[in-house]
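The values are calculated or read from the model by the stated rules, or taken from the named source; none is laboratory data. Remember, predicted model here, so these are calculated numbers, not experimental data. Every residue, glycine among them, receives a Cβ derived from its backbone with ideal geometry; neighbour counts consider all protein chains shown.
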Amino acid sequence: MTRTAKSTPVGEEIAPPLPAFPTIPRHEVLARLAALRTTPIGDLKAQWRTLFGKEPPPFSRSYIESRLAYRIQELAYGGLRPETRARLEALGERLDGGNVVLRRIRADSRPLPGTRLVREWQGVEHVVTVRPDDFEYEGRPYRSLSAVARHITGTRWNGWTFFGLRGAGA
(Lines give C-alpha, C1' and ligand atoms only; values in the text may rest on other atoms or scores of the structure.)
Protein backbone atom coordinates (compact mmCIF):
# COMPACT_ATOMS: atom_id res chain seq x y z
CA MET A 1 0.00 0.00 0.00
CA THR A 2 1.37 3.39 -0.91
CA ARG A 3 0.48 6.71 0.54
CA THR A 4 0.05 9.76 -1.58
CA ALA A 5 1.05 13.09 -0.15
CA LYS A 6 -1.56 15.78 -0.17
CA SER A 7 -0.34 18.96 -1.73
CA THR A 8 -1.07 22.30 -0.15
CA PRO A 9 -1.42 25.29 -2.45
CA VAL A 10 1.48 27.71 -2.19
CA GLY A 11 0.88 30.41 0.42
CA GLU A 12 -1.71 28.39 2.36
CA GLU A 13 -0.92 26.94 5.72
CA ILE A 14 -2.62 24.02 7.33
CA ALA A 15 -3.82 24.94 10.77
CA PRO A 16 -2.96 22.45 13.48
CA PRO A 17 -5.94 20.81 15.14
CA LEU A 18 -7.30 22.77 18.07
CA PRO A 19 -6.74 21.12 21.45
CA ALA A 20 -9.82 19.83 23.22
CA PHE A 21 -10.45 21.75 26.41
CA PRO A 22 -12.61 20.40 29.19
CA THR A 23 -16.12 21.67 29.61
CA ILE A 24 -16.90 22.91 33.08
CA PRO A 25 -20.41 22.36 34.41
CA ARG A 26 -22.01 25.63 35.44
CA HIS A 27 -22.88 24.35 38.91
CA GLU A 28 -19.13 23.86 39.65
CA VAL A 29 -18.01 27.38 38.73
CA LEU A 30 -18.44 29.10 42.11
CA ALA A 31 -16.75 26.31 44.03
CA ARG A 32 -13.83 26.24 41.60
CA LEU A 33 -13.42 30.00 41.77
CA ALA A 34 -13.45 29.97 45.58
CA ALA A 35 -10.90 27.14 45.66
CA LEU A 36 -8.35 29.11 43.63
CA ARG A 37 -7.37 31.23 46.65
CA THR A 38 -6.26 28.23 48.72
CA THR A 39 -4.91 25.99 45.97
CA PRO A 40 -1.11 25.49 46.05
CA ILE A 41 0.72 27.20 43.19
CA GLY A 42 1.84 23.86 41.75
CA ASP A 43 -1.78 22.78 41.41
CA LEU A 44 -2.71 26.15 39.87
CA LYS A 45 -0.03 25.60 37.24
CA ALA A 46 -1.38 22.11 36.55
CA GLN A 47 -4.86 23.61 36.11
CA TRP A 48 -3.36 26.14 33.70
CA ARG A 49 -1.92 23.34 31.57
CA THR A 50 -5.30 21.60 31.50
CA LEU A 51 -7.45 24.67 30.84
CA PHE A 52 -5.14 26.52 28.43
CA GLY A 53 -3.25 23.62 26.86
CA LYS A 54 0.15 25.23 27.36
CA GLU A 55 2.72 26.03 30.02
CA PRO A 56 1.80 28.76 32.53
CA PRO A 57 3.70 32.06 32.28
CA PRO A 58 6.27 32.96 34.92
CA PHE A 59 4.03 35.60 36.45
CA SER A 60 2.70 36.23 39.95
CA ARG A 61 0.21 34.01 41.70
CA SER A 62 -2.47 36.72 41.54
CA TYR A 63 -2.12 36.92 37.75
CA ILE A 64 -2.41 33.15 37.37
CA GLU A 65 -5.43 33.08 39.69
CA SER A 66 -7.21 35.85 37.80
CA ARG A 67 -6.61 34.29 34.39
CA LEU A 68 -7.72 30.86 35.65
CA ALA A 69 -10.88 32.43 37.09
CA TYR A 70 -11.67 34.00 33.73
CA ARG A 71 -10.90 30.75 31.87
CA ILE A 72 -13.13 28.68 34.18
CA GLN A 73 -16.03 31.04 33.53
CA GLU A 74 -15.27 31.14 29.82
CA LEU A 75 -15.37 27.35 29.54
CA ALA A 76 -18.56 27.13 31.60
CA TYR A 77 -20.55 30.01 30.12
CA GLY A 78 -18.86 30.55 26.77
CA GLY A 79 -16.44 33.22 25.61
CA LEU A 80 -17.05 36.42 23.76
CA ARG A 81 -19.53 36.26 20.92
CA PRO A 82 -18.00 36.42 17.44
CA GLU A 83 -19.68 39.80 16.91
CA THR A 84 -18.02 41.16 20.05
CA ARG A 85 -14.62 39.83 18.99
CA ALA A 86 -15.05 41.40 15.55
CA ARG A 87 -16.04 44.72 17.12
CA LEU A 88 -13.00 44.70 19.41
CA GLU A 89 -10.74 43.88 16.46
CA ALA A 90 -12.25 46.75 14.45
CA LEU A 91 -11.74 49.17 17.36
CA GLY A 92 -8.13 48.01 17.68
CA GLU A 93 -7.58 48.60 13.96
CA ARG A 94 -8.96 52.13 14.31
CA LEU A 95 -6.62 52.85 17.22
CA ASP A 96 -3.40 51.58 15.67
CA GLY A 97 -4.21 51.67 11.95
CA GLY A 98 -3.15 48.04 11.57
CA ASN A 99 0.39 48.85 12.74
CA VAL A 100 1.63 45.73 14.56
CA VAL A 101 4.38 47.67 16.35
CA LEU A 102 1.87 50.12 17.83
CA ARG A 103 -0.34 47.20 18.81
CA ARG A 104 2.44 45.83 21.03
CA ILE A 105 2.84 49.10 22.93
CA ARG A 106 0.66 49.21 26.00
CA ALA A 107 -2.26 51.51 25.35
CA ASP A 108 -2.62 52.27 29.04
CA SER A 109 0.86 53.73 29.46
CA ARG A 110 -0.61 57.25 29.39
CA PRO A 111 -3.60 58.30 31.50
CA LEU A 112 -6.79 59.00 29.57
CA PRO A 113 -7.58 62.60 28.67
CA GLY A 114 -9.63 64.18 31.44
CA THR A 115 -7.82 62.30 34.19
CA ARG A 116 -6.88 64.50 37.14
CA LEU A 117 -3.55 63.75 38.79
CA VAL A 118 -3.31 64.99 42.37
CA ARG A 119 -0.07 65.34 44.32
CA GLU A 120 0.56 67.01 47.64
CA TRP A 121 3.93 68.73 47.79
CA GLN A 122 5.15 70.67 50.83
CA GLY A 123 1.62 70.95 52.20
CA VAL A 124 0.08 72.20 48.95
CA GLU A 125 -2.21 70.08 46.78
CA HIS A 126 -1.33 70.25 43.07
CA VAL A 127 -3.80 69.11 40.42
CA VAL A 128 -2.84 68.34 36.81
CA THR A 129 -5.39 67.54 34.11
CA VAL A 130 -4.38 65.14 31.33
CA ARG A 131 -5.34 66.46 27.91
CA PRO A 132 -5.10 64.63 24.57
CA ASP A 133 -1.71 66.11 23.63
CA ASP A 134 -0.40 67.73 26.80
CA PHE A 135 -1.02 68.39 30.49
CA GLU A 136 -2.72 71.38 32.11
CA TYR A 137 -1.54 72.82 35.41
CA GLU A 138 -2.80 76.13 36.85
CA GLY A 139 -4.49 76.89 33.52
CA ARG A 140 -1.25 76.54 31.52
CA PRO A 141 -0.33 73.76 29.09
CA TYR A 142 2.80 71.67 29.69
CA ARG A 143 4.24 69.20 27.19
CA SER A 144 5.25 66.67 29.85
CA LEU A 145 4.62 65.69 33.45
CA SER A 146 8.31 66.26 34.11
CA ALA A 147 7.90 69.90 33.13
CA VAL A 148 5.01 70.22 35.58
CA ALA A 149 7.02 68.51 38.35
CA ARG A 150 9.98 70.83 37.64
CA HIS A 151 7.68 73.87 37.88
CA ILE A 152 6.26 72.65 41.21
CA THR A 153 9.52 71.59 42.88
CA GLY A 154 12.14 73.73 41.19
CA THR A 155 14.25 70.61 40.59
CA ARG A 156 14.41 67.95 37.90
CA TRP A 157 11.98 65.09 38.53
CA ASN A 158 10.66 62.23 36.46
CA GLY A 159 7.05 63.40 36.16
CA TRP A 160 5.64 59.87 36.10
CA THR A 161 7.41 59.11 39.37
CA PHE A 162 6.51 62.47 40.96
CA PHE A 163 2.79 61.87 40.32
CA GLY A 164 2.95 58.21 41.39
CA LEU A 165 2.30 56.71 37.97
CA ARG A 166 5.55 54.77 38.10
CA GLY A 167 7.53 53.55 41.08
CA ALA A 168 10.88 55.14 41.88
CA GLY A 169 13.68 53.43 39.99
CA ALA A 170 11.34 51.85 37.45
**Item:** Residues that are surrounded by 14 or more Cβ atoms within 10 Å (Cβ to Cβ) and out of contact with any Lys or Arg (no Cβ under 8 Å at 6 or more places or on another chain), drawn from the range 62-78
**Value:** ARG67, LEU68, ALA69, ARG71, GLN73, GLU74, LEU75
**Prompt:** In the set PRO141, PRO132, which member is within 30 Å of GLY92 (Cα to Cα) and at pLDDT 90 or above?
**Reply:** PRO141
**Prompt:** Does ALA5 qualify as being modelled with pLDDT of 90 or more and of a type in the set (A, V, I, L, M)?
**Reply:** no
**Prompt:** Within the range 111-146, can you find the residues that are polar (S, T, N, Q) and surrounded by 10 or more Cβ atoms within 10 Å (Cβ to Cβ)?
**Reply:** THR115, THR129, SER144, SER146
**Message:** Could you check the range 144-160 and list, in sequence order, the residues that are more than 27 Å from LEU95 (Cα to Cα) and not charged (D, E, K, R)?
**Reply:** ALA147, VAL148, ALA149, HIS151, ILE152, THR153, GLY154, THR155, TRP157, ASN158
**Asked** Does the range 39-57 include one or more residues that are of a type in the set (Asp, Glu), assigned by TED's automatic domain parsing to the domain that holds LEU75, at pLDDT 90 or above and in a loop (DSSP other than H, G, I, E, B)?
**Response** yes
